[in-house]
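The values are calculated or read from the model by the stated rules, or taken from the named source; none is laboratory data. Just so we're clear, the structure is a prediction, and the values are computed from it rather than from any experiment. All Cβ positions, glycine included, derive from the backbone under ideal geometry; neighbour counts span all protein chains shown.
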Amino acid sequence: MIYDHILVRYGELALKGKNRTAFEKQLQRNIKHALTAHPTSKIKRTFGRMLIEIHDEDPKEMLEKLKHVFGISSFSLAIKTENEEEKIKEGALQAFLNHSPKAATFKVSARRTYKPFPIPSQQLNPVVGAHILRNTEGVTVDVHNPDVEITVEVREQGTYISCGRIEGAGGLPVGTSGKVMLMLSGGIDSPVAGYMALKRGVDLEAVHFHSPPYTNERARKKVEDLTQILTKFGGKIKLHIVPFTDTQKAIHQHIPSSYAMTVMRRMMLRITAHIAENRGAKAIVNGESLGQVASQTLDSMYSINEVTNLPILRPLVTMDKQEVIQIAHHIDTYETSILPYEDCCTIFLPSDSKTKPSREKSNRFENRFDFQPFIEEAVQKVETVELGPASGKKENMIDDLL
Ligand code: ATP
Ligand code: MG
């Protein structure tokens, strides 16, 4: 292994002053957290880059973990050399030879941020390029469409040389946008909604409604597993499990069947809003998509939304199911989501749900019975579990860059 660093690049646009420092510090913490299983790696912040020292660790695993860290635009394995022309030339040659023996064309992109180094960027490109040409056969320079781009960054601490780059997850570092409460069912949509919210940098906690004995332990375990998968992107996540059986029974007894679904959603939202406020979350996230099912028409959303003033974020609102499924595959939640366990929403519910429920009727039916004690008891009996990123678990490996 010729590499001794990983060079991390992140989007710097729109980041100014204090914001920028907070962004970088949070990203640094998140990277450290993602690399918990690699305790000897040191992470330094420098001029719009993060540099991770590799010691005895397996860099393949580290690269896999970095792919999930939001806020990173791209990253590369890098060789560090001293700021000396000969060492830089040799380092670039080694990086090129190591990268891909089959590469026929290359390009050098040098960047000198350390001005005392005597060779300016524009002159360094041909100097390094000529050294590679002299020491290889059948290789040529192609500045427009090279097989390999060799980047050479001359910085005060040393020169970092890398070949190729791995695309990062993009987005903003988790923890830079405030906290949200995700309504997490065991379905396909809500884990994807959670992933997309995390991508915009929120801290996330999740709420799950279950109705034992109508929903079983395996259904609960499934939601814990989905939360566990999301921790790859969001670090530790608290999952609040709400006992919902008594409220559902009360709805079944006291609400006309055509409004049972709407009222059930309103109850879920009231309880979620309570928990969100207790936990300092500023918004609720769910997996609704416009027009997908009866409860997701605009009329339904309008009636259900009435019970809280918290913003409800719906990252999937304009997506087709196929687009959502594609992301579910990408983030690895799909196989877990399709396990066939009962969700609390599906029990007790009739098939004659209104697609255009009104606020006025929802309120009228709810006022015939005192649901408040049920809401309070559900909030009070919430059980919270904290899930964290599994350390040391092997995932798809990156081979082509080593
Ligand atoms: P999903 O695939 O996320 O289950 P869905 O397409 O099945 O969504 P609904 O059943 O109408 O749609 O649920 C809409 C949203 O309500 C879900 O995306 C989720 O955010 C929330 N929700 C549904 N059931 C539960 C539950 N048991 N606990 C927490 N939130 C839930
Ligand atoms: Mg569902």
_Within the range 320-349, tally of residues that are in a loop (DSSP other than H, G, I, E, B) and either under 20 Å from Glu217 (Cβ atoms) or of a type in the set (S, T, N, Q) (or both)_ = 9
*Residues located in the range 290-304, provided they are among the hydroxyl-bearing types (Ser, Thr, Tyr) and not in a helix (DSSP H, G or I)*: Thr297
*Among residues belonging to the range 168-204 that are in a strand (DSSP E or B) and within 16 Å of ligand 2 (Cβ to nearest atom), point out the one that is nearest to Tyr341 (Cα to Cα).*
Met183
_It is to be established whether one or more residues within the range 174-184 are closer than 23 Å to Phe47 by Cα, touching a residue at least 12 places away in the same chain (Cβ under 8 Å) and within 10 Å of the chain's Cα centre (by Cα)._
yes
*Got at least one residue in the range 300-308 being charged (D, E, K, R) and either within 11 Å of ligand 1 (Cβ to nearest atom) or touching a Gly at 6+ places or on another chain (Cβ under 6 Å) (or both)?*
no
*Filter the range 277-289 down to the residues that are surrounded by 14 or more Cβ atoms within 10 Å (Cβ to Cβ) and in a loop (DSSP other than H, G, I, E, B), then identify the one that is farthest from ligand 1 (Cβ to nearest atom).*
Lys282
*Close pairs (7 angstrom Cβ cut-off, 6 or more residues apart or separate chains): polar (S, T, N, Q) in the range 189-205, modelled with pLDDT of 95 or more anywhere*: Ser190/Leu182; Ser190/Met183; Ser190/Leu184; Ser190/Asn286; Ser190/Gly287
_Residue list for the range 177-222, restricted to those being more than 19 Å from Phe70 (Cα to Cα) and of a type in the set (Phe, Trp, Tyr)_ = Phe209, Tyr214
*Determine which member of the set Thr245, Thr231, Thr215, Thr227 is in contact with a Cys (Cβ under 9 Å, 6 or more places away or on another chain) and away from ligand 2 (no atom under 14 Å from the Cβ).*
Thr245
*How about the range 305-319: which of its residues are more than 16 Å from ligand 2 (Cβ to nearest atom) and part of a loop (DSSP other than H, G, I, E, B)?*
Glu306, Val307, Thr308, Asn309, Leu310, Pro311, Thr318
*asked:* I'd like the full set of residues that are among the aliphatic types (A, V, I, L, M), farther than 21 Å from Asp299 by Cβ and within 12 Å of ligand 1 (Cβ to nearest atom), limited to the range 338-357.
replied: Ile338, Ile347
_Selection count where residues are of a type outside the set (A, V, I, L, M, F, W, C) and modelled with pLDDT of 95 or more, scope the range 331-345_ = 6
*Which residues, counting only those in the range 36-67, are in contact with a helix residue (DSSP H, G or I) (Cβ under 6 Å, 6 or more places away or on another chain) and either at pLDDT below 90 or within 16 Å of Asp4 (Cα to Cα) (or both)?*
His38, Ile43, Arg45
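Within the range 285-304, which residues are of a type in the set (A, V, I, L, M, F, W, C) and within 16 Å of ligand 2 (Cβ to nearest atom)?
Val285, Leu290, Val293, Ala294, Met301, Ile304
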